[in-house]
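Worksheet: one structure, shown below.
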Amino acid sequence: MSNRERTFIMVKPDGVQRGIVGKIIKRFEQKGFKLVALKMLWPSEQLLQQHYSDLSARPFFPGLVKYMSSGPVVPMVWEGLDVVRTGRVMLGATNPAESAPGTIRGDLCIQVGRNILHGSDAVESANKEIALWFTDAELVSWTPANEGWVYE
Ligand code: DAT
Ligand code: MG
């Protein structure tokens, strides 16, 4: 396991419209993870079809792409020890009805079709998603001043 592991987190259009981008960023900052990339864009259906290509056969796929392309999103890359797995724990279950209180989805949303954010489910998919949404130049290499107090 590496302190340099990276995950792809994205605030979905409903999260942006509801004005909870800052709350979501704060959860990851407070935890101690390091932000290495962040932007806002209105994604095309084509980009979202690629992002969710694994789900293209699912009945909810057309609705998912329509919802995800309905407004701006805020994609981010967060770095830290075991950040992919821990990030998923912080998000909570896919269906907010099953997300534990204390998780982001458990605290902030209700329905699976409006579950406010995305998080990579494995290191391999994280790397693929980061490359899909960001260029290498957009990934910032830096060392936070408190790093020695976050890791032993
Ligand atoms: P996750 O976002 O937790 O990784 P996923 O990759 O299985 O979940 O699905 C991607 C998104 O698709 C999910 O965040 C919301 C939507 N989705 C998943 N299952 C759904 C369902 N049964 N009905 C409607 N939307 C669904
Ligand atoms: Mg997924």
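We did not get these values from a lab; they are worked out from the coordinates using the rules stated. Computed from a prediction, not measured in an experiment: that's the story for all the values here. Reconstructed Cβ throughout: ideal geometry from the backbone, glycine too, with neighbour counts over all protein chains shown.
Numbers for the structure displayed
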{"read-out": "Per-selection metrics, the chain (Cα): Rg and Dmax in Å", "value": "15.0, 47"}
{"read-out": "Spatial separation of Cα centroids for the range 1-64 and the range 125-152, in angstrom", "value": "15 Å"}
{"read-out": "Over the chain, relative contact order from alpha-carbon pairs under 8 Å, at least 6 apart, %", "value": "36 percent"}
{"read-out": "222 nm mean residue ellipticity, helices alone, for the chain (DSSP H n ≥ 4; -39,500 (n - 2.57); rounded to 500)", "value": "-10000 deg cm²/dmol"}
{"read-out": "Stretch in the chain that is longest and holds no chymotrypsin sites (Phe, Trp or Tyr not before Pro) that DSSP places in a loop and that have at most 16 other beta carbons within 10 Å", "value": "61-141"}
{"read-out": "Fewest-first ranking of Val112, Val77, Val140, using other Cβ atoms within 10 Å as the exposure measure", "value": "Val140, Val112, Val77"}
{"read-out": "GNM top mover of Gly113, Gly71, Gly22 - the chain, alpha-carbon springs below 10 Å", "value": "Gly22"}
{"read-out": "Cα-based helix-to-principal-axis angle, 21-31 vs the chain, degrees rounded to 10", "value": "40 degrees"}
{"read-out": "Residue order, fewest to most beta carbons within 10 Å, for Ile116, Ile130, Ile110", "value": "Ile110, Ile130, Ile116"}
{"read-out": "Dmax and Rg, reported as Rg then Dmax, of the range 93-152 (C-alpha, Å)", "value": "15.8, 40"}
{"read-out": "37 °C / 0.692 mPa s Stokes-Einstein diffusion coefficient of the range 67-124, Kirkwood radius on C-alpha pairs, µm²/s", "value": "270 µm²/s"}
